[in-house]
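Here's the structure, in structure tokens; my notes come after.
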Number of protein chains: 6
Amino acid sequence: MLLHHASWPEVETYLTRCKGIIIPIGSTEQHGPNGLVGTDAICPEVIAAEAGAEAGLLVGPTFNVGIAQHHLGFAGSMTLRPSTMIAVINDWIESLTRHGFDRIYFLNGHGGNITTINAAFAEYYANFSLDGVACPVQLMQRNWWELPGVMDTCRKLFPVGEGMHATASEVSVTYYAHPHAIKQVEMSPKIAPVGGFSDAADYRERFPDGRIGSDPSQATPEKGAEIVSFAKQALIAECVNFFDVKPAMQPAE
Amino acid sequence: MLLHHASWPEVETYLTRCKGIIIPIGSTEQHGPNGLVGTDAICPEVIAAEAGAEAGLLVGPTFNVGIAQHHLGFAGSMTLRPSTMIAVINDWIESLTRHGFDRIYFLNGHGGNITTINAAFAEYYANFSLDGVACPVQLMQRNWWELPGVMDTCRKLFPVGEGMHATASEVSVTYYAHPHAIKQVEMSPKIAPVGGFSDAADYRERFPDGRIGSDPSQATPEKGAEIVSFAKQALIAECVNFFDVKPAMQPAE
Amino acid sequence: MLLHHASWPEVETYLTRCKGIIIPIGSTEQHGPNGLVGTDAICPEVIAAEAGAEAGLLVGPTFNVGIAQHHLGFAGSMTLRPSTMIAVINDWIESLTRHGFDRIYFLNGHGGNITTINAAFAEYYANFSLDGVACPVQLMQRNWWELPGVMDTCRKLFPVGEGMHATASEVSVTYYAHPHAIKQVEMSPKIAPVGGFSDAADYRERFPDGRIGSDPSQATPEKGAEIVSFAKQALIAECVNFFDVKPAMQPAE
Amino acid sequence: MLLHHASWPEVETYLTRCKGIIIPIGSTEQHGPNGLVGTDAICPEVIAAEAGAEAGLLVGPTFNVGIAQHHLGFAGSMTLRPSTMIAVINDWIESLTRHGFDRIYFLNGHGGNITTINAAFAEYYANFSLDGVACPVQLMQRNWWELPGVMDTCRKLFPVGEGMHATASEVSVTYYAHPHAIKQVEMSPKIAPVGGFSDAADYRERFPDGRIGSDPSQATPEKGAEIVSFAKQALIAECVNFFDVKPAMQPAE
Amino acid sequence: MLLHHASWPEVETYLTRCKGIIIPIGSTEQHGPNGLVGTDAICPEVIAAEAGAEAGLLVGPTFNVGIAQHHLGFAGSMTLRPSTMIAVINDWIESLTRHGFDRIYFLNGHGGNITTINAAFAEYYANFSLDGVACPVQLMQRNWWELPGVMDTCRKLFPVGEGMHATASEVSVTYYAHPHAIKQVEMSPKIAPVGGFSDAADYRERFPDGRIGSDPSQATPEKGAEIVSFAKQALIAECVNFFDVKPAMQPAE
Amino acid sequence: MLLHHASWPEVETYLTRCKGIIIPIGSTEQHGPNGLVGTDAICPEVIAAEAGAEAGLLVGPTFNVGIAQHHLGFAGSMTLRPSTMIAVINDWIESLTRHGFDRIYFLNGHGGNITTINAAFAEYYANFSLDGVACPVQLMQRNWWELPGVMDTCRKLFPVGEGMHATASEVSVTYYAHPHAIKQVEMSPKIAPVGGFSDAADYRERFPDGRIGSDPSQATPEKGAEIVSFAKQALIAECVNFFDVKPAMQPAE
């Protein structure tokens, strides 16, 4: 169930059975010559939506602009400052816990977000820790590609050229989700270089077309479907456990 | 063209013809017994997407959580603090202008956002005004229901019970966009009360089911389609003018 | 009664009868060739002071620098950033409610402040809405020229050239309040141009002498007196109602 | 010349002769049984206004709410948080320097403001120091009672019971400025206790009627006039020197 | 060379040969029954100091309070909020780069700091990335236990009970650095439990004496000496490379 | 007892006898041709450490970077922005009071910190004062050179050339604490000039080698020892009184 497609009485009913919610969190940033700028938001969004639909889990709005300062050398990339993102995540958390949600699961689609999401969690917990009060809420972050079994699937599908940014897998997931946006682009070099980076100028110099270590011309919607199908099941399993869902909420219902 | 579905080279090409972008901006908040929590984000999102597709205008990610503290008495509503929202909007603006965008048009779906969006604009302009430097960027905010002719359409479709919150029109637009989310709910009273409010507790007491002045049980996807069709054309006209689009960009292309 | 002229025991006594206070809020910004830089602060200040004196209502200090980034192209204009103003207004509100004031009425003299004042109110209410606690305080904002009947008076006095900035009416009010500051300046053109604007450079280019749509050379202290007299009564009526003043507080006392 | 009573062309003219401005800065806080809540704002305001009028020096708006958290135990007291005040002072400074003011002189009326004003100055200078750029602006803070010779006058007028808060001198200055606000109150004890304090509760417990070490029942408007007359001359001398005023600006003009 | 023990002319001379500096960064938090509250600050401090002395590298002041909200259930633990820490790290970086330092290497002693330090780096780089300017500075973070070869040494010294918090290795390092602070405490259970945690209350419940997975009663100063000796060499190698030190700076000098 | 050298059970035990803690607070900034960049941190650190050891008082980590924007013209100087420092001090205070500390004594080594520390205290107290709740914590700031009798000792040791910055006394204290860092430098002129300053450029121009009014070539470790010995006793006396230490804690123990 998508929060955006629910009415408030439906959310109220949901809360009697489950206090957990999934928040897809991504980024708006370049993903190489044939990847979508929205890739990192689309991936967790589609996986969460399918898991939510199948298992009756609530999925919140997608947090769609994250930490992507290093991608600003490529047109269309957008970023929050980390201090801004910490404030926003805390406003989201406080809004949700106000209604009784006590398990908030961020399904993340962007490596660059990880540290700031964790910092935001510490900012939230610090309110309780400094007050000497036990926090009744548990926050969790999970990169979708680290869901049990997903990485194996990706490596099996793309034994060569999976890469680290604008990966063959993530581009496949977006092609599955939005087939009208598929782009045919020749990669040159076939596999992009690898390495570290600091700011946007540095990134652009090291990775001229935006990719890191990948050959995303291998991406297909079919492979995306396979990845999503796998990730969805892993996500359901993890959330049902984390949310401590009451029986009536199970898919069988 | 959706930014999230474009590649960075496509955005780079777009910028050679047009420096404008549309940002749908809404809210995640209760919309009465049969309205979607995502209503205020969905409305500008669908109107902008259709206008963008028809006229070749770029549409950015949807700013989907806004100022809705007064709706927090109803499950699922989320809010930013205004100071947070000012920071986020400024990060979005700075990201976009970095690439050369100089006309940023916020298509707003939520009355409660208006004042904070304007404050965010003043925060941005103040950087230039205090430095004594002319700002090369123009920011614009428009509520979708105030696009020329739209209000007339809404009033014609719903002569009674259009209302101020959870309006028959906005619910219709979301039913058009997401027909699987249509909800049949009896309204009681038929038309909701009207008036002002302050915080969430005050709002809930005055408007027990969340609506203000409306009877959204009249909403249908067909009426939503009519509104969107109208709003789309008005939006295209306004943006083509505001963006100063070069000829090659026109729909005929 | 002016807070600045009261002793704390007098304020304590006042609070036993009334929990409301009026805060004049304005701006320090150019008002054209013959208008005072303090116009927007002076107007609500004088109206509030006279209303307070007549009706025994408490009037707080004048919030005298507001959002005027767009006027910084003219010498002497000052501005707060909106994020700063939100912080200040919240400190003022928290200070006053600490003493038991539960109705805070901001009498505003500057259109540019409206959105930020509203954002500041939402920032304050959000504390309660996010905590799920009912806020015991009501905040209200009113532009003095929108007090019932005032606009009619202004239009009657200045059927032509009232304008939108550096209006004939507001200049008249300041001339009534500070007759030694009256300035005789020829206007050229007689009536200033109208339109929108963004930052300070843009404003100065569109409105070279600072006025928008007005001919303030018509301003006189007599007309100012008439406006103040009208506004004062409307303000008293509105505040007596909003503050729920106990009988003993009425002017007759 | 008061900035609030000047037009922008008058300020522009002033700047051709002098780049300095005086900002009265005070507080809104209890001043004992017969002192005005606005005392600390009124004192620098009246001294600066008279000096400005006599010597042709520009006087900005009064910064009227400062750091008074320790007075919040007494009705009517208001405070900013220090972090807020630092932001506001910086916005004021940036606004003024934008027009070319390069000597900003804060005439302070409240001991509790001193440290935060200095912190605000350091915040401003740090922008330049961290950038490795020379700051073209000089900021200065002066407590009015420390102007050369003023303390001697006060001690001569009130050899006993001048005190540290709600002093006989400052109450006299406000009685001179606003004779209609004079209050006759018996002091008990005659002279208030002395000592330190931390927060508002602590202050109220130590100083039950708000005074520290003073007997302000000695205050008279005549003594206030004498103090203002003295302080005015000292202020003119100091500012003419600090501002490096061009000859044409001298009072003789 | 310690910055705190250098004079400014010595730093000026250093900068002609090397633009790099090491900043030890740790935490002030409980480290179990026999570990020092300062453990995470002391470890990078002593390793950096010995490396700096041997190789002529400059070592800045120790950043000694970090992100430790989860340890606040144990007396003496201190924390910054992540948003505060981001601000501080940025002030430190801006101060150092002002002098010409362009390689800043944070030698970290606390796992809980990692995400916030990275967020702080992104905050710094974002200034450049958003401005479209190449950042001339490179920031680096390294946990001392991840220096090449160090983990192997630790595992060899403590094949059982090394653990994750209050590890045998880190306690050894502090015992080497401050032998007078060695504490003899019986551990019960011998090896502490392992697992995750959220806030301080949760941490204390799961790990009653503060340790995670460790038996630090094995710690000795001799083993600490061995670890430091190893880490020192690895640190020198890494920094000489990262800083691009000019020949004259080498240890032989 | 140093907090950094204690275990948490030791801190817990300490708190049963005493709720006070000393925080040395200094700066990282140039101290002339022969003074250490860490002077202002080292002085309170060594005095506090010796006092703590002798009297059994707990000494927290040294706050080692303060407000030194005006010293940034000299290599190695570092600064916090005042707004940052206020946030940090508040996080430190909140951490300590969480454990029950209710007397926090900042032993300060840098004149430039004084105003910001006081502003930070007001920021902390304001939380309570605005809430109308009595604050159970007392904060105190003391410059080590103002401890009773210390200034007399300094003047006796250095009748000429003690000065205001990079004083003979403070350099002596650091030479006593770190004799290996003693530097022999000829001063020219013998005694540095005196005066005020604003930003870093201004400071460097007025005081070319960093000193103000001093001749620190007189500094010796022996004189430093004498000063520390004196300051230590004064500090113990002041803290035993302020902390209200229970008998068992006295040095005799």
Problem - the stretch B:3-243, relative contact order in percent, only Cα pairs under 8 angstrom and at least six apart counted - result: 25 percent
Problem - Separation in nanometres of the label points that stand 7 Å from Cα toward Cβ, at C:Arg155 and D:Asp131 - result: 4.8 nm
Exercise for the section: Determine, from the Cβ-Cβ distance of F:Gln184 and F:Ala237 and an R0 of 41 Å, the FRET efficiency 1/(1 + (r/R0)^6), rounded to the nearest 0.05. Expected result: 0.70
Practice task
Would you tell me which residue of chain D has the beta carbon closest to the rotation axis bringing chain D onto chain A, and how many whole Å away it is?
Solution key: D:Ser83, 7
Completion exercise
Inter-copy distances for F:Met151, label 7 Å out on the Cα-Cβ vector, sorted ascending, nm, one decimal, are 1.3, 5.7, 6.4, 6.4, 7.0
Problem - Top of E:Arg98, E:Arg155, E:Arg206 by mean-square fluctuation, Gaussian network on chain E, Cα under 10 Å - result: E:Arg98
Problem - Accessible-area value, C:Leu58, 1.4 Å probe, nucleic acids and ligands omitted, Å² - result: 0 Å²
Handout entry: Qualifying GluC sites (Glu not before Pro) in the stretch E:181-222, DSSP loop, other Cβ atoms within 10 Å at most 12
Key = E:Glu186
Completion exercise
Applying the gyration tensor rule to the Cα atoms of chain C (axes a ≥ b ≥ c; rounded if a/c under 1.5, else prolate if a/b exceeds b/c, else oblate), the class is oblate
Handout entry: Distances in nm from B:Gly111 to the matching label points in the other copies, shortest first (labels 7 Å along Cα to Cβ)
Key = 2.1, 4.8, 5.2, 5.2, 6.0
Completion exercise
The answer for C:Ser214, listing residues at least 5 apart or on another chain whose modeled amide H is closer than 5 Å to its amide H, is C:Met164, C:His165, C:Ala192
Problem - Estimated buried accessible area (total), pair A and B, 1.4 Å, Å² to nearest 100 - result: 4200 Å²
Problem - Simple Cβ-charge dipole of the protein assembly as shown, Lys/Arg +1 and Asp/Glu -1, about Cα centre, in debye nearest 20 - result: 0 debye
Handout entry: Folded to 0 to 90 degrees: helix E:221-243 orientation relative to chain E principal axis, Cα
Key = 30 degrees
Handout entry: Accessible-area value, F:Met140, 1.4 Å probe, nucleic acids and ligands omitted, Å²
Key = 40 Å²
Fill in the blank from the handout: Once Lys and Arg are counted +1 and Asp and Glu -1 for all other residues with Cβ under 15 Å from that of A:Leu107, the total becomes -4
Completion exercise
Within 10 Å of the Cβ of an average residue in B:10-20, the count of other chain Cβ atoms is 2
Exercise for the section: Go ahead and set up a Gaussian network model of chain B, Cα springs under 10 Å, then flag whichever of B:Gly109, B:Gly149, B:Gly20 fluctuates most. Expected result: B:Gly149
Practice task
Give the percent of DSSP beta bridges with both residues in the stretch B:1-139 that are antiparallel, rounded to the nearest 5.
Solution key: 15 percent
Problem - Choice from A:Ala75, A:Ala177, A:Ala237 showing the highest fluctuation, given a GNM over chain A with Cα pairs closer than 10 Å - result: A:Ala75
Practice task
Enter the Cα centre distance for the pair the stretch F:123-180 and the stretch A:95-136, rounded to the nearest angstrom.
Solution key: 40 Å
Practice task
Amide H neighbours of F:Leu58 under 5 Å, at least 5 residues apart or on other chains, H built in the peptide plane: list them.
Solution key: F:Ile22
Fill in the blank from the handout: For D:Ala68, the residues 5 or more places away or on another chain with a placed amide H closer than 5 Å to its own amide H are D:Leu80
Completion exercise
To the nearest 20 debye, chain F has a Cα-centred charge dipole, built from +1 on Lys and Arg Cβ and -1 on Asp and Glu Cβ, of 160 debye
Exercise for the section: Looking at the stretch F:3-243, send over the antiparallel percent of its DSSP beta bridges, to the nearest 5. Expected result: 10 percent
Exercise for the section: Would you calculate the separation in nanometres between label points at A:Arg17 and F:Asp244, each defined as 7 Å from the Cα along the Cα-to-beta-carbon direction? Expected result: 5.7 nm
Exercise for the section: Let me know the shape class of the stretch B:185-246, please: from the alpha-carbon gyration tensor, a ≥ b ≥ c as square roots of the eigenvalues, rounded when a/c is under 1.5, otherwise prolate if a/b is greater than b/c, or oblate. Expected result: oblate
Completion exercise
A 1.4 Å probe over the protein heavy atoms gives chain D a carbon and sulfur accessible-area percentage of 55 percent
Practice task
Could you order E:Lys223, C:Lys183 by accessible surface area, starting with the largest, using a probe radius of 1.4 Å?
Solution key: E:Lys223, C:Lys183
Completion exercise
Copies of A:Ser229 compared via label points 7 Å along Cα→Cβ give distances in nm, shortest first, of 4.0, 6.0, 8.5, 8.5, 9.8
Completion exercise
Tilt, helix B:82-98 to longest principal axis of chain B (alpha-carbon atoms), in degrees rounded to tens, equals 30 degrees
Fill in the blank from the handout: Of all DSSP beta bridges having both residues in the protein assembly as shown, the percent classed as antiparallel (nearest 5) is 15 percent
Fill in the blank from the handout: With every protein chain kept in place and a 1.4 Å probe, the stretch E:97-223 has an accessible area per residue in Å² of 40 Å²
Completion exercise
With -39,500 (n - 2.57) per DSSP H segment of 4 or more residues and division by the full residue count of the protein assembly as shown, the 222 nm estimate, nearest 500 deg cm²/dmol, is -14000 deg cm²/dmol
Fill in the blank from the handout: For the stretch C:108-139 the residues that are at least 50 Å² less accessible with all protein chains than alone, 1.4 Å probe, are C:Thr115, C:Glu123, C:Tyr125, C:Ser129, C:Leu130
Handout entry: For B:182-189, mean number of other protein chain Cβ atoms within 10 Å
Key = 1
Problem - Separation between Cα centres of the stretch E:210-233 and the stretch D:188-205, rounded to whole Å - result: 55 Å
Handout entry: chain B: angle of helix B:168-177 to the longest principal axis, Cα-based, in degrees nearest 10
Key = 60 degrees
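The values are calculated or read from the model by the stated rules, or taken from the named source; none is laboratory data. The shown structure was predicted, so the numbers you read here are calculated from the model rather than taken from an experiment. For neighbour counting, all protein chains shown are included, and Cβ atoms are generated from backbone atoms with ideal geometry for every residue, glycine included. For the accessible areas, the whole protein counts, side chains as well, though only heavy atoms, and no ligand, DNA or RNA atoms are used. Shrake-Rupley method; radii C 1.70, N 1.55, O 1.52, S 1.80 Å.
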